[in-house]
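Undergrad: The structure's right below; bear with me while I get my questions together.
The values are calculated or read from the model by the stated rules, or taken from the named source; none is laboratory data. Just so you know, these numbers come straight off a predicted model, no measurement behind them. Note: ideal-geometry Cβ built from the backbone for every residue, glycine included; neighbour counts use all protein chains shown. For the accessible areas, the whole protein counts, side chains as well, though only heavy atoms, and no ligand, DNA or RNA atoms are used. Shrake-Rupley method; radii C 1.70, N 1.55, O 1.52, S 1.80 Å.
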Amino acid sequence: MLDLKKLDLVTIRNSLRKGDFTSEELVGSYIDRINNSKKLNTYNTLNIENAINLAKESDKRILKKNYRPMEGIPIGIKDLFCTKGVKTTASSKMLENFTPTYESTITEKLFYQGMILIGKLSNDEFAMGSSNETSYLGPVLNPWKKETSDQYLVPGGSSGGSAAAVSASLCPVATATDTGGSIRQPASFTGTVGLKPTYGRCSRWGIVAFASSLDQAGPITKTVADSAAMLTHMAGYDEKDSTSSTAKNENYEEAIGGSLKGKTIGIPHEFERLDISLDIQNNWESAIQWYKDAGVNIKSIKLPHSKYALPAYYIIAPAEASSNLARYDGVKYGSRVEGEVLDDLYKKTRGAGFGEEVKRRIMMGTYVLSAGYYDAYYLKAQKVRRLIHQDFVDAFGSVDAILTPTTPTTAFEIGENVSDPLKMYSNDILTVPVNLAGLPAISIPSGLDKDGIPMGMQLITKHFDENSLFQFGSIIEMSRSDMFQPKDWWMN
Ligand code: GLN
């Protein structure tokens, strides 16, 4: 068996080509570790037989030196990406029997480059949540535990399965989606790297929609270099997605390294006043020092409208969700519950298929879109969104990147926030402004708090400047002193 904890994507890619181990051995080792890690509840569906067969094919190609860029590398896919012939549930009872007949653009691209689907990863139902506790298949556990307590922690959400699986070495990399923080927040909670690319950089086609003007796919990985390698193969124009960007795609791995001397990082004045835990504030200070040491200038900036980001997000996202989720009626999509008449069928289907949080979002969304409230809430929120966007554009006139923590606290306990939606939503305070502005951002493990669990720093750059995210990001990776490897307490 291979020691998977030592393997990141770039190492695997090199080792496979050198013949240090085969893809079949690698896939076998992951399957074994996954089978011994059931307790974490990361995977909704496994793809074992297919994965082994594909690994054998990859090994033949590697032997003939006829390999593709990502040949034979296993990947976990968030259960929100449609995978042809493999169940795709969005972690909802509504889609428990849905097996797509088509492949999402992102998974198609990754498989085309030689990656191997090992399984589908849990998430909050329809990607709504910050703790991965709303999946109909039960919560995912964070592989990290406090040194002082035996309580289970949440892995964050909505991409909690993806983040926990990468953190626990149950796959080397995973895909995820980020509408208001769902890649970066779980990455921060699990000591992994989470990248939300610029809106439109990665195709949304074939991803179960939550809030279409905010949704963006990205990778969760162990390292910054892996994140860059993944983006290289995920990004690109797609004619099937009307909001897909035609911006030039690059080889992002080449961006890493190089001097940052003379560049400037902005620290948002308003964020310094937020209720952020002391450990995270200190970690933020340390990160600022790491950049100073690298010759980077530090500048205080203003994002005056960011304080309205959370309320604006929790109007816009539910509004779009209520419209997107109208299709699950038991006729077009969704597990049908029969009724006396058509209306009855709709009600029973939607009543049984959706969980509490999803219903709450649909009700909020239809409320803010209803005739009497549209102008007061939805239209107002759209105007605020424009102002938030403008704040960032103004700030990037004088800085190359913005540095903030990813979350106000580290991972909280399972059950701690579920009964208090507002408390749960406040977790997204540092991530949602980025989605509203359509900007790229990355969360990078930056230290452990006093209880020994991970903290993450967020870097934000201009639209389509992911290259700078990787460049600035590698400074944090090189400067931090903690190791980001959870102990295997959950193993059988
Ligand atoms: N936590 C946020 C929400 O519940 C973000 C979710 C996401 O990015 N998919 O809406």
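Undergrad: Search region 112-146 for residues being touching an Asp or Glu at 6+ places or on another chain (Cβ under 6 Å) and over 24 Å from Arg204 (Cβ atoms), and hand back the single one that is farthest from the ligand (Cβ to nearest atom).
TA: Per the criteria, the residue is Lys146.
Undergrad: Does any residue of region 343-352 turn out to be of a type in the set (Asp, Glu), at pLDDT 95 or above, exposed (fewer than 14 other Cβ atoms within 10 Å of the Cβ) and not in a helix (DSSP H, G or I)?
TA: no
Undergrad: Can you tell me which residue in region 189-207 is least open to solvent (accessible area, probe 1.4 Å), limited to those that are more than 8 Å from the chain's Cα centre (by Cα) and either aromatic (Phe, Trp, Tyr) or within 13 Å of the ligand (Cβ to nearest atom) (or both)? Explain how you work it out, then say what you get.
TA: Narrowing region 189-207 to residues more than 8 Å from the chain's Cα centre (by Cα): 189-193, 197-207.
Restricting the remaining residues to those that are either aromatic (Phe, Trp, Tyr) or within 13 Å of the ligand (Cβ to nearest atom) (or both) gives 189, 199, 204-205, 207.
On the way: Phe189: 1, Tyr199: 53, Arg204: 46, Trp205: 79, Ile207: 28 Å².
Ranking the candidates gives Phe189 first.
Undergrad: Restricting attention to region 148-168, which residues are more than 20 Å from Ser227 (Cβ to Cβ) and in contact with a strand residue (DSSP E or B) (Cβ under 9 Å, 6 or more places away or on another chain)? Break it down into steps so the answer makes sense when it comes.
TA: Within region 148-168, the first condition is being more than 20 Å from Ser227 (Cβ to Cβ), and the residues that meet it are 148-154.
Ser149, Gln151, Tyr152, Leu153, Val154, listed by residue number.
Undergrad: When the residues of region 423-438 are filtered to those that are at pLDDT 95 or above and part of a helix (DSSP H, G or I), which remaining residue is surrounded by the fewest Cβ atoms within 10 Å (Cβ to Cβ)?
TA: So the residue we want is Ala437.
Undergrad: Among the residues in region 220-227, are any under 19 Å from Gly473 (Cα atoms), of a type outside the set (D, E, K, R) and within 16 Å of the ligand (Cβ to nearest atom)?
TA: The initial filter retains those residues of region 220-227 that are under 19 Å from Gly473 (Cα atoms), namely 220-227.
Filter once more, so that each one left must be of a type outside the set (D, E, K, R): 220-221, 223-225, 227.
Then keep just the ones that are within 16 Å of the ligand (Cβ to nearest atom); that gives 220.
Yes, the conditions are met somewhere in region 220-227.
Undergrad: Right, next: Looking at (1) over 30 Å from Ala225 (Cβ atoms); (2) in contact with a helix residue (DSSP H, G or I) (Cβ under 9 Å, 6 or more places away or on another chain); (3) assigned to a loop (DSSP other than H, G, I, E, B), which one does Gly415 not meet, given that it meets all the others?
TA: (2)
Undergrad: When you scan region 118-152, how many residues do you find that are farther than 21 Å from Lys84 by Cα, polar (S, T, N, Q) and at pLDDT 95 or above? Write out each step before concluding.
TA: Applying the first criterion (farther than 21 Å from Lys84 by Cα) to region 118-152 yields 124, 128-152.
Among the residues that remain, those that are also polar (S, T, N, Q) are: 130-132, 134-135, 142, 148-149, 151.
Now narrow it down to the ones that are at pLDDT 95 or above: 130-132, 134-135, 142, 151.
Of the residues in region 118-152, 7 are farther than 21 Å from Lys84 by Cα, polar (S, T, N, Q) and at pLDDT 95 or above.
Undergrad: Which ones in region 450-479 are touching a Leu at 6+ places or on another chain (Cβ under 9 Å), outside any strand (DSSP E or B) and farther than 26 Å from Phe396 by Cβ?
TA: Lys450, Ile453
Undergrad: Of the residues that make up region 273-288, is at least one modelled with pLDDT under 95 and open to solvent by 80 Å² or more (accessible area, probe 1.4 Å)?
TA: Let us first name the residues in region 273-288 that are modelled with pLDDT under 95, namely 273-275.
Still in the running and open to solvent by 80 Å² or more (accessible area, probe 1.4 Å): 273, 275.
Checked against the condition, which is being modelled with pLDDT under 95 and open to solvent by 80 Å² or more (accessible area, probe 1.4 Å), region 273-288 yields at least one hit.
Undergrad: Scan (1) surrounded by 22 or more Cβ atoms within 10 Å (Cβ to Cβ); (2) in contact with a helix residue (DSSP H, G or I) (Cβ under 8 Å, 6 or more places away or on another chain) for the single condition Asn249 breaks and write down its number.
TA: With (1) surrounded by 22 or more Cβ atoms within 10 Å (Cβ to Cβ); (2) in contact with a helix residue (DSSP H, G or I) (Cβ under 8 Å, 6 or more places away or on another chain) applied to Asn249, the lone miss is (1).
Undergrad: Something else now. Looking for something closer than 25 Å to Gly181 by Cβ, charged (D, E, K, R) and open to solvent by 20 Å² or more (accessible area, probe 1.4 Å) - is there at least one such residue anywhere in region 124-131? Can you show your working first?
TA: Let us first name the residues in region 124-131 that are closer than 25 Å to Gly181 by Cβ, namely 124-131.
Narrowing further to those that are charged (D, E, K, R): 124-125.
After this cut, where a residue has to be open to solvent by 20 Å² or more (accessible area, probe 1.4 Å) as well, the list is none.
Looking through region 124-131, none of the residues is closer than 25 Å to Gly181 by Cβ, charged (D, E, K, R) and open to solvent by 20 Å² or more (accessible area, probe 1.4 Å).
Undergrad: Separate question: Can you tell me how many residues in region 401-422 are open to solvent by 30 Å² or more (accessible area, probe 1.4 Å) and among the aliphatic types (A, V, I, L, M)?
TA: Of region 401-422, the ones open to solvent by 30 Å² or more (accessible area, probe 1.4 Å) are 409, 413-416, 418-422.
Of the ones still in play, those that are also among the aliphatic types (A, V, I, L, M) are 414, 418, 422.
Looking only at that region, the number is 3.
Undergrad: Let me ask you something else. For the structure I just gave you, tell me whether Val140 is surrounded by 24 or more Cβ atoms within 10 Å (Cβ to Cβ) and more than 23 Å from Thr107 (Cβ to Cβ).
TA: Values: surrounded by 24 or more Cβ atoms within 10 Å (Cβ to Cβ): yes; more than 23 Å from Thr107 (Cβ to Cβ): no.
It is false that Val140 is surrounded by 24 or more Cβ atoms within 10 Å (Cβ to Cβ) and more than 23 Å from Thr107 (Cβ to Cβ).
Undergrad: Further question on the same structure: Need pairs with beta-carbon distance below 7 Å; first residue farther than 15 Å from Cys202 by Cα and in contact (Cβ under 8 Å) with a residue 40 or more places away in the chain and within region 99-110, second in a loop (DSSP other than H, G, I, E, B) and open to solvent by 30 Å² or more (accessible area, probe 1.4 Å); sequence gap 6+ or separate chains.
TA: Pro100/Lys84; Tyr102/Lys84
Undergrad: Now for a different question. Kindly list the number of the only condition in (1) in contact (Cβ under 8 Å) with a residue 60 or more places away in the chain; (2) more than 16 Å from the ligand (Cβ to nearest atom); (3) open to solvent by 30 Å² or more (accessible area, probe 1.4 Å) that fails for Gly266.
TA: The single condition Gly266 does not satisfy is (3).
Undergrad: Take Ser58 and decide whether it is farther than 30 Å from Asp238 by Cα and either open to solvent by less than 20 Å² (accessible area, probe 1.4 Å) or touching a Ser or Thr at 6+ places or on another chain (Cβ under 9 Å) (or both).
TA: Values: farther than 30 Å from Asp238 by Cα: no; either open to solvent by less than 20 Å² (accessible area, probe 1.4 Å) or touching a Ser or Thr at 6+ places or on another chain (Cβ under 9 Å) (or both): yes.
Answer is no for this residue.
Undergrad: Mind listing just one residue for me: the one in region 292-315 that is in contact with a Leu (Cβ under 7 Å, 6 or more places away or on another chain) and buried (at least 18 other Cβ atoms within 10 Å of the Cβ) and, of those, farthest from Pro433 (Cα to Cα)?
TA: Taking region 292-315 and keeping what is in contact with a Leu (Cβ under 7 Å, 6 or more places away or on another chain), we get 294-296, 305, 309, 312-313.
Adding the requirement that they be buried (at least 18 other Cβ atoms within 10 Å of the Cβ) leaves 296, 305, 309, 312-313.
Working: Val296: 24, His305: 9, Ala309: 5, Ala312: 9, Tyr313: 8 Å.
Ranking the candidates gives Val296 first.
Undergrad: Also, quick follow-up: Report the residue count in region 361-400 for those that are aliphatic (A, V, I, L, M), in contact with a strand residue (DSSP E or B) (Cβ under 9 Å, 6 or more places away or on another chain) and either in a helix (DSSP H, G or I) or open to solvent by 50 Å² or more (accessible area, probe 1.4 Å) (or both). Write out each step before concluding.
TA: Here is the first cut: in region 361-400, the ones aliphatic (A, V, I, L, M) are 362-364, 368-369, 371, 376, 379, 381, 384, 387-388, 393, 395, 399.
Subset that is in contact with a strand residue (DSSP E or B) (Cβ under 9 Å, 6 or more places away or on another chain): 395, 399.
Next, from what is left, pick out any that are either in a helix (DSSP H, G or I) or open to solvent by 50 Å² or more (accessible area, probe 1.4 Å) (or both): 395.
Residues that pass the stated criteria total 1.
Undergrad: When Ser104 is evaluated against the numbered criteria (1) closer than 18 Å to Ile48 by Cα; (2) open to solvent by less than 20 Å² (accessible area, probe 1.4 Å), which criterion, by number, is the only one it fails?
TA: Going through (1) closer than 18 Å to Ile48 by Cα; (2) open to solvent by less than 20 Å² (accessible area, probe 1.4 Å) one by one, Ser104 breaks only (1).
Undergrad: Turning to a different aspect of this structure: Six or more apart or on different chains, Cβ under 6 Å: which pairs go from a residue in region 375-390 that's among the basic types (Lys, Arg) to one that's open to solvent by less than 60 Å² (accessible area, probe 1.4 Å)? Could you list them?
TA: Short answer, once both residue conditions are applied: Arg385/Ala312; Arg385/Leu436.
Undergrad: Next question, about the same structure. Would you point out which residue out of Pro155, Pro186 is modelled with pLDDT of 95 or more, in a loop (DSSP other than H, G, I, E, B) and either within 15 Å of the ligand (Cβ to nearest atom) or touching a helix residue (DSSP H, G or I) at 6+ places or on another chain (Cβ under 8 Å) (or both)? Give the steps one after another, and end with the answer.
TA: Values: Pro186 fails: in a loop (DSSP other than H, G, I, E, B).
Checking each option against the conditions leaves just Pro155.
Undergrad: Same structure, new question: Among Ala209, Ala229, which is closer than 18 Å to Leu9 by Cα and either assigned to a strand (DSSP E or B) or of a type outside the set (D, E, K, R) (or both)? Talk me through it step by step, then tell me what you get.
TA: Numbers: Ala209 fails: closer than 18 Å to Leu9 by Cα.
Going through Ala209, Ala229 in turn, just one is closer than 18 Å to Leu9 by Cα and either assigned to a strand (DSSP E or B) or of a type outside the set (D, E, K, R) (or both): Ala229.
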